[in-house]
Each structure stands twice: as C-alpha cells, then as structure tokens.
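The block underneath contains the structure these notes are about, expressed in structure tokens.
The values are calculated or read from the model by the stated rules, or taken from the named source; none is laboratory data. Model, not experiment: these values are computed from the prediction. Cβ: placed from backbone, ideal geometry, glycine included. Neighbour counts: every protein chain shown.
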Amino acid sequence: MNDNRANLNQPAPGELRLFCEPEDRLRLTVGDDRSYPTVRAVWASPMSRPGRFLSLLDGKGDEIALVEDPEALPRESLKAVRRELRLRYLTGAVRRVLSCRQEFGTTYWRVDTDRGVRDFVTQSLQENAQWLSDTHLVLVDVDGNRFDVPDIGRLDAQSRKLLHAVL
C-alpha cells in the first residue's frame with residue numbers, strides 16, 4: 001500500500017504518545033513537535049469498520065490525526081486510548097425494553113441492560129437505530145453511547161411490542 005501520510009501531513013502511529021494526566025484527561029504528544037493537553041479519541045466509522053480509523057481530536061474538535069490501525073500505536077498509547085474509548089462508547093446489551101415513547105422526533109428509552117437499568121434519549125431513529133442484520137439492532141443515544149440488541153426475537157413479548165411501536 002502506498003503511504004500518503006506525508007502528503008496528508010499525518011503522523012505515523014509510532015510518533016503518537018497518548019497518556020492520561022491527570023487520570024481523567026487524555027493527552028497527546030506528537031514526536032518532539034507538539035503536544036495537546038486535551039484529546040478526544042473517536043471512531044471515524046464505528047459501524048462499518050469497527051476497530052479501524054481512530055480519529056484523535058483536539059479540545060476544539062479539530063482532527064489532529066487519523067490512525068488507520070490503532071493496534072500500530074505504541075503499547076502504552078494503545079492502553080490509554082482503549083480506556084478512553086471504553087468510557088466514550090458505553091455499549092450495553094439490552095435485555096428488556098421497559099418503556100419507550102416518542103415526542104417530536106425524539107425517543108425516550110428505559111431499558112434493562114447487562115450494566116443495569118439505563119435511561120437514554122435518541123434523536124431521529126432513521127439515523128440512530130442501525131440494523132446490523134434482520135434481527136440485530138444498535139441504538140445510538142444523543143451522547144454517542146450504543147445500546148446493542150443482538151437478537152430482537154430473543155426479547156420478551158412486551159419488549160418486542162414496544163420496539164415495533166417506535167421502529
């Protein structure tokens with residue numbers, strides 16, 4: 001593969017040092033060139049290419065670097081990024097839909113997940129209810145958290161009825 005990183009001004013993964021300092025803040029140093037005191041790690045294509053194309057954003061939301069394969073990051077940097085991503089992209093496996101209601105394009109959910117009962121809000125279900133197969137559904141809330149329904153057919157009858165009413 002032709003490496004166009006120089007043309008795009010993209011640093012190589014080995015040049016990126018990501019670390020948490022203080023513990024709740026991800027920081028980045030790029031080689032000996034520059035540092036960023038606040039960095040957000042986000043997936044550029046979380047549904048179509050999971051685990052690929054990690055975007056590192058500065059405090060204003062501007063992209064610093066796009067890492068095609070995060071596994072190429074130095075070990076400590078990868079560890080810091082994984083921690084950040086776990087916090088950013090909470091994914092709960094939905095066991096039951098306890099309630100859901102729609103108001104003006106907004107859907108309010110209460111679900112029982114493998115992480116306990118959660119309340120969340122989705123906007124525009126056409127965009128934020130993503131079907132991965134005929135029975136596998138992922139709901140993305142307004143904060144980017146994902147709620148996974150691996151098989152709608154395995155939910156109880158009441159949960160299926162509530163889902164079908166809004167989808």
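Before moving on, here are some points about what is shown:
- For Arg146, the conditions (1) free of Cβ contacts under 8 Å to residues at least 24 places away in the same chain; (2) within 14 Å of the chain's Cα centre (by Cα) all hold with the exception of (1).
- Residue in segment 85-107 that is at pLDDT 95 or above and in contact with a Cys (Cβ under 9 Å, 6 or more places away or on another chain) present: yes
- Subset of segment 142-166 that is at pLDDT below 90 and either under 18 Å from Gln102 (Cβ atoms) or charged (D, E, K, R) (or both) - its residue that is surrounded by the most Cβ atoms within 10 Å (Cβ to Cβ): Arg146
- For segment 111-138, the set of residues classified as within 18 Å of Ser99 (Cβ to Cβ) and either in contact (Cβ under 8 Å) with a residue 40 or more places away in the chain or assigned by TED's automatic domain parsing to the domain that holds Ser45 (or both) consists of Leu125 only.
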